[in-house]
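Participant: Before I ask anything, here is the structure I am working with.
The values are calculated or read from the model by the stated rules, or taken from the named source; none is laboratory data. Values in this document were obtained by computation on a predicted structure and should not be read as measured data. Don't worry about glycine lacking a Cβ; one is built from the backbone with ideal geometry, like all the others, and counts go over all protein chains shown. The protein model used for the area step is the full one, side chains on, heavy atoms only, and it has no ligands, DNA or RNA in it. Shrake-Rupley method; radii C 1.70, N 1.55, O 1.52, S 1.80 Å.
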Amino acid sequence: MPHFPKPAEGSWTEHYPELGTGPMSYEDSISPEHYELERKAIFERTWLNVGRVEQAPTVGSQFTKEIAAVGTSVKVLRDADGGIRAFHGSPSGPVPIRCEIWEGFVFVNFDDAAEPLGEYLGGLAAGLEGYPFDRMTEVYRYRAEVGSNWKLYMDAFAEFYHAPVLHAKQYVGDESRKLSSYGFEALHYQLDGPHGMVSSWGGMAPPKDLSMVKPIERVLRSGNFGPWDRPDIPGLDPLPPGLNPSRHKAWGIDSFVFFPNFMMVVWAPGWYLTYHYWPTAYNRHIFEGTLYFVPARSAGDRIRQELAAVTFKEFALQDCNTLEATQTMLESRAVSYFPLNDQEILLRHLHRTAGQYVTAYSGRE
Ligand SMILES: [Fe+2]
């Protein structure tokens, strides 16, 4: 019996029949030739998020972003009119790059024929508009070089059912065993063009049972799922319509996959984080995890944020710990096709979408 309502077709995957339900090839993650095609078909042709407007706050201020998959670095600067513009960093001199802003996020596109950013991001992004991103300017950043294909780490963050198993040690008492015995299910999944989202119940933020959390979390009112108390700012109540799409009272977290490599995780207690996956080779990428909070107004706020940030790091290390072994295992080609379950619909969708971009590009060439 499902824990939460499913689409009439019986499962989330079957709700999107174009996805199919068969085992999936991961050849797209172990082939240098396929990666070369992805660079041209995807990274040189889709909208890439390179940062936020707050990183270039005043006229003349700028930041740069290396994009190995495109073979360039991007310079983003605030011009004399207050607008944000992007240029090739060098060595060819400042040649402009298409640059558009969505909700303060700076995107670039190396394809002059690409559709406008708003059209590309579509309905899932539109449903987030009005969220107070511009007030969450306290930023904690992590960056790691990972020895796996970029899509594998996205896969690891594109479902939540692994959490009670992989992160068992983060849970106190028998919480993890209990969750494992129930079988985790997310509240809702949605696909929209190349993008997708998963919505989950939150469980422990703030926890119903204080015996289930570590003493430091109980004292600080912060932990695994961020500071427990929602900041009192506009835009969080009510939330924009795209958050908590199933309107479940136990909602805790929504995770969005904006193709190709930008993920956003919005937490019920009023903060969010972003993930970026920048490929540098078919079997390597740079991962960036960035946490955004409302600026701390007290030492207590600051410590609550730092506890959330270091706890996030423990989770992320556990999530990426398996990736290099997964890459090695896939490259052995001992197994070529893998079954994916219904909680893995976003994985299926990501690999299928990336494959479609490559096929369309190859057809044009
Ligand atoms: Fe995880």
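Participant: Only one of these is more than 22 Å from Phe4 (Cα to Cα) and crowded, with 18+ Cβ neighbours inside 10 Å: Gly242, Gly226, Gly252, Gly193. Name it.
Facilitator: Gly226
Participant: Taking only the range 137-176 into account, find how many residues are among the acidic types (Asp, Glu), at pLDDT below 95 and within 12 Å of the ligand (Cβ to nearest atom).
Facilitator: Residues meeting the conditions: 1.
Participant: Here is a follow-up. Which residues, taken from the range 287-314, are open to solvent by 30 Å² or more (accessible area, probe 1.4 Å) and within 16 Å of the ligand (Cβ to nearest atom)?
Facilitator: Matches in the range 287-314: Val310, Lys313, Glu314.
Participant: Find the residue count for the range 7-55, including only residues that are within 22 Å of the chain's Cα centre (by Cα) and among the polar types (S, T, N, Q).
Facilitator: Matching residues across the range 7-55 total 5.
Participant: Kindly indicate which of Glu365, Glu314 is acidic (Asp, Glu) and in contact (Cβ under 8 Å) with a residue 60 or more places away in the chain.
Facilitator: Answer to the check: Glu314.
Participant: Now for a different question. Please enumerate the residues belonging to the range 303-323 that are out of contact with any His (no Cβ under 9 Å at 6 or more places or on another chain), farther than 17 Å from Asn149 by Cβ and of a type in the set (A, V, I, L, M, F, W, C).
Facilitator: Ile303, Leu307, Ala308, Ala309, Val310, Phe312, Ala316, Leu317
Participant: Something else: Would you tally the residues in the range 1-49 being open to solvent by less than 60 Å² (accessible area, probe 1.4 Å), outside any helix (DSSP H, G or I) and of a type in the set (Ser, Thr, Tyr)?
Facilitator: Residues flagged as open to solvent by less than 60 Å² (accessible area, probe 1.4 Å), outside any helix (DSSP H, G or I) and of a type in the set (Ser, Thr, Tyr) within the range 1-49 amount to 6.
Participant: Do you know which residues across the range 260-285 are open to solvent by less than 30 Å² (accessible area, probe 1.4 Å), over 30 Å from Pro234 (Cβ atoms) and in contact with a His (Cβ under 9 Å, 6 or more places away or on another chain)?
Facilitator: Listed by number, the residues that qualify are Asn261, Tyr277, Trp278, Pro279.
Participant: I want to confirm something. Restricting to the range 158-170 and keeping residues that are open to solvent by less than 20 Å² (accessible area, probe 1.4 Å) and in contact (Cβ under 8 Å) with a residue 60 or more places away in the chain, which single residue is nearest to Leu317 (Cα to Cα)?
Facilitator: The extreme case among them is His167.
Participant: With the range 297-365 as the region, which helices (runs of 4 or more DSSP H) entirely inside it contain at least 1 residues that are at pLDDT below 95 and within 24 Å of Phe287 (Cβ to Cβ)?
Facilitator: Of the helices (runs of 4 or more DSSP H) lying wholly inside the range 297-365, those with at least 1 residues that are at pLDDT below 95 and within 24 Å of Phe287 (Cβ to Cβ) span 299-320.
Participant: Restricting attention to the range 83-112, which residues are modelled with pLDDT of 95 or more and on the phi > 0 side of the Ramachandran plot?
Facilitator: Answer for the range 83-112, where residues must be modelled with pLDDT of 95 or more and on the phi > 0 side of the Ramachandran plot: Glu103, Gly104.
Participant: Give me the pairs, please: first residue somewhere in the range 94-122 and farther than 20 Å from Gly82 by Cα and open to solvent by 30 Å² or more (accessible area, probe 1.4 Å), second residue anywhere and modelled with pLDDT of 95 or more and of a type in the set (A, V, I, L, M, F, W, C), beta-carbon distance under 7 Å, and either six or more positions apart or on two chains.
Facilitator: Phe110/Val70; Phe110/Ile97; Gly118/Trp102
Participant: Collect the residues in the range 59-74 that are surrounded by fewer than 19 Cβ atoms within 10 Å (Cβ to Cβ) and of a type in the set (D, E, K, R), keeping them in residue-number order.
Facilitator: Glu66 - this is the single residue of the range 59-74 that is surrounded by fewer than 19 Cβ atoms within 10 Å (Cβ to Cβ) and of a type in the set (D, E, K, R).
Participant: Right, another one. Any chance you could count how many residues in the range 336-358 are open to solvent by 70 Å² or more (accessible area, probe 1.4 Å), of a type outside the set (Phe, Trp, Tyr) and under 13 Å from Met24 (Cα atoms)?
Facilitator: 2
Participant: Spot the failing condition for Ala56; the list is (1) out of contact with any helix residue (DSSP H, G or I) (no Cβ under 7 Å at 6 or more places or on another chain); (2) open to solvent by 20 Å² or more (accessible area, probe 1.4 Å), and only one is missed.
Facilitator: (2)
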